[in-house]
1. Are there any pairs with C-beta distances below 7 angstrom linking a residue in the range 117-131 that is among the hydroxyl-bearing types (Ser, Thr, Tyr) to a residue that is within 16 Å of the ligand (Cβ to nearest atom) and at pLDDT below 85, with the two at least 6 apart or on different chains, and if so which?
2. From the list THR94, THR137, pick out the single residue that is modelled with pLDDT of 90 or more, more than 15 Å from the ligand (Cβ to nearest atom), out of contact with any strand residue (DSSP E or B) (no Cβ under 8 Å at 6 or more places or on another chain) and among the hydroxyl-bearing types (Ser, Thr, Tyr).
3. Considering only the range 63-81, state which residues are free of Cβ contacts under 8 Å to residues at least 60 places away in the same chain and within 13 Å of the ligand (Cβ to nearest atom).
4. When residues of the range 27-41 are filtered for being surrounded by fewer than 20 Cβ atoms within 10 Å (Cβ to Cβ) and closer than 16 Å to ILE78 by Cβ, how many remain?
5. Among the residues of the range 7-26, which ones are more than 9 Å from the ligand (Cβ to nearest atom), aliphatic (A, V, I, L, M) and crowded, with 16+ Cβ neighbours inside 10 Å?
6. Out of everything in the range 89-104 that is loosely packed, with under 12 Cβ neighbours inside 10 Å and in contact with a Pro (Cβ under 9 Å, 6 or more places away or on another chain), what residue ends up being nearest to ASP53 (Cα to Cα)?
7. Restricting the search to the range 59-88, which residues are closer than 18 Å to ARG123 by Cβ and touching a Pro at 6+ places or on another chain (Cβ under 7 Å)?
8. Tell me, which residue of the range 52-83 that is surrounded by 15 or more Cβ atoms within 10 Å (Cβ to Cβ) and hydroxyl-bearing (Ser, Thr, Tyr) is nearest to VAL106 (Cα to Cα)?
Amino acid sequence: MTTTLITGANKGLGRETARRLLQLGHTVYLGCRDLERGKRAAAELGGVPVTIDVTSDASVTAAAARISEQAGRLDVLINNAAVPGGFLPAAHTTAADMLAVYDTNVAAMSLAAATAAVLLRGRPAVSAASAIPAPATAPPAR
Ligand SMILES: NC(=O)c1ccc[n+]([C@@H]2O[C@H](COP(=O)([O-])OP(=O)(O)OC[C@H]3O[C@@H](n4cnc5c(N)ncnc54)[C@H](OP(=O)(O)O)[C@@H]3O)[C@@H](O)[C@H]2O)c1
């Protein structure tokens, strides 16, 4: 039995990945930052909801501890939770906008992977984010 944690599994690509892996027989931990949303997804798909906000050390550590207690290991981490940013034109994008995306999509993903590494013991981790915002408008012609 393959045990898989998907962060941000309550909607979007994470949810669809969960649905497909559950069909293949994985035990799927549905990572969600809002437990109610995770419970709703689990009621529809199956799987085990687990609270995980990837920007919080405490939340990531608690999720890893829960999976460790229940499953004893993790076979696959799908590091999917991310934010797309505001898709603002470059002229309206601030450093704070960029850093908010970086915090979740880079720093937090690294935290989740580092924490899960103890449970994974060399098994695969997949990171899905590629949402670092690009300028939504072309630069002016010269
Ligand atoms: N959609 C695309 O076309 C596309 C293309 C390339 C790559 N990707 C990548 O694929 C992944 C999923 O994309 P998507 O379109 O399915 O995104 P989505 O529909 O916006 O779903 C994102 C998920 O991440 C969760 N999330 C956001 N911040 C979080 C945090 N701090 N801690 C825990 N969970 C958090 C969201 O939870 P809430 O429901 O609580 O907000 C939601 O469950 C992302 O990594 C994205 O960069 C997507």
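1. These pairs meet every condition: SER127/MET109.
2. Numbers: THR137 fails: modelled with pLDDT of 90 or more.
On inspection, the qualifying residue turns out to be THR94.
3. Step one: of the range 63-81, the residues free of Cβ contacts under 8 Å to residues at least 60 places away in the same chain are 63-66, 68-70, 72.
Passing the criteria: only ALA63.
4. Pass one, the range 27-41, residues surrounded by fewer than 20 Cβ atoms within 10 Å (Cβ to Cβ): 27, 33-37, 39-40.
Now narrow it down to the ones that are closer than 16 Å to ILE78 by Cβ: 27, 33.
So the answer is 2.
5. Passing the criteria: ALA18, LEU21, LEU22.
6. Per the criteria, the residue is PRO89.
7. Answer for the range 59-88, where residues must be closer than 18 Å to ARG123 by Cβ and touching a Pro at 6+ places or on another chain (Cβ under 7 Å): just VAL76.
8. Result: THR55.
The values are calculated or read from the model by the stated rules, or taken from the named source; none is laboratory data. On a predicted model such as this, the values are computed, not experimentally measured, just so you know. Cβ: placed from backbone, ideal geometry, glycine included. Neighbour counts: every protein chain shown.
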